[in-house]
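The values are calculated or read from the model by the stated rules, or taken from the named source; none is laboratory data. This structure is a prediction, so every number in the text was calculated from the model and none was measured. Here the Cβ positions follow ideal geometry from the backbone for every residue, glycine too, while neighbour counts run over all protein chains shown.
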Amino acid sequence: MRRDDLIRYTCRPLLEIRGLNLEFGTPRGRVHALRNVSLDVPAAQVVGIVGESGSGKSTLAYTVMGLLSENADVTAGSILFEGKDLLKIPTQERRSLLGDRLSMIFQDPMTALNPVRTVESQMIDIQHHEQGSRSEKRARAIEMLHRVGIPDPQSRIGAYPHHFSGGMRQRVCIAMALLVKPAILVADEPTTALDATLEVQIIHLLKDLQKEIGCSVLFVSHHLGAVAELCDRVAVMYAGEVVEQGSVRDIFHNPGHPYTRALLECDPGRLKKSTRTLPTIPGEVPNLLGSKQGCLFRSRCGQAFNRCVQDNPVEYRIGVDQVAQCHLLDQGRSASA
Ligand code: SF4
């Protein structure tokens, strides 16, 4: 391999999503859930996906994992993982990546754990790709339960999921997801069901384990504080599109898209004064039925102008490592456009 090719290859992101379009067939028509989504997840980095409910962030996570419902249809794009397009490889090959190279933590740990099997049997099963005897796998499971802070893991490993509290169950799920040392961990709102104290503990735990294992993480959350704490990069989604992405520092300190700015202004952690009513972005996420023209944020955007109705915004670079889709960023636009 030539040196230039070697540099390009080794610098390639671990996961490259390109031009991804996804639709759901419904009795009322086609719902365009993801539109032209492009996103990189570099090796050993944590990429946050933020946005309101209905913005498509969980749908994106499930698409990467190949866990979509039967009425979902990827109409364009690719998801390259370690050089292979996950959308094109045989189903069997894709399945064998799950729980091995690709692992997931779900929002509700009870839906991820089998309620009628002990944690021990589930943690041993998840290591089916690994070498070693059952007792060695059990020992690895106990060690991982210890790492995630389960007290007395020697005896607790024999318990059933309902014997654990919500926070402890999520720790068990994290232990299971990381036990296989995945290349990528997809975490779909893993702290949403937890109280604030537990959320902080789980975020710190994820951060420590991600560094220790060296995996990449795709972290879906509507909690901007958690994203700022955990992530290296962030992608902001609105109505199925990635409207802005870049390093956490750039996005949080110098947001370029009006929607990103509105999201940050509504973040309870950033409010300067105490208030009884939390601020919200006026209006609602648009209905995603059928094809759309113009900027999907225009009905809620205080800076919308004529062009926003007619033209779909394209991506503009606003920093070395930051891009956003908004007509205001077009340096060549005329003042009246
Ligand atoms: Fe607002 Fe127009 Fe930019 Fe959309 S393209 S965010 S409507 S200014």
Looking at segment 283-295, is at least one residue surrounded by 17 or more Cβ atoms within 10 Å (Cβ to Cβ), within 12 Å of the ligand (Cβ to nearest atom) and more than 19 Å from Gly56 (Cα to Cα)?
no
Would you check which residues across segment 270-282 are within 16 Å of the ligand (Cβ to nearest atom) and surrounded by fewer than 16 Cβ atoms within 10 Å (Cβ to Cβ) and list them?
Pro282
Residue pairs, Cβ under 9 Å, 6 or more apart or interchain, first in segment 313-330 and farther than 15 Å from Asn254 by Cα and β-branched (Val, Ile, Thr), second more than 8 Å from the ligand (Cβ to nearest atom) and not in a helix (DSSP H, G or I). List them.
Val314/Asp330
Go through segment 301-320 and report how many residues are within 8 Å of the ligand (Cβ to nearest atom) and either of a type in the set (A, V, I, L, M) or in contact with a strand residue (DSSP E or B) (Cβ under 9 Å, 6 or more places away or on another chain) (or both).
2
Kindly indicate which of Tyr259, Tyr316 is within 16 Å of Leu39 (Cα to Cα) and modelled with pLDDT of 95 or more.
Tyr316
If you take the residues in segment 171-202 that are without any contact (Cβ under 8 Å) to a residue 40 or more places away in the chain, assigned to a helix (DSSP H, G or I) and surrounded by fewer than 21 Cβ atoms within 10 Å (Cβ to Cβ), which one is nearest to the chain's Cα centre (by Cα)?
Val200
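Residue-by-condition table, conditions (1) modelled with pLDDT of 95 or more; (2) closer than 26 Å to Glu82 by Cα; (3) within 15 Å of the chain's Cα centre (by Cα); (4) in a strand (DSSP E or B):
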position	(1), (2), (3), (4)
Leu6	no, yes, no, no
Pro13	no, yes, no, no
Glu16	yes, yes, yes, yes
Phe24	yes, no, no, yes
Glu52	no, no, yes, no
Leu60	yes, yes, yes, no
Output the residues belonging to segment 146-160 that are buried (at least 16 other Cβ atoms within 10 Å of the Cβ), part of a helix (DSSP H, G or I) and either acidic (Asp, Glu) or at pLDDT 95 or above (or both).
Pro153, Arg156
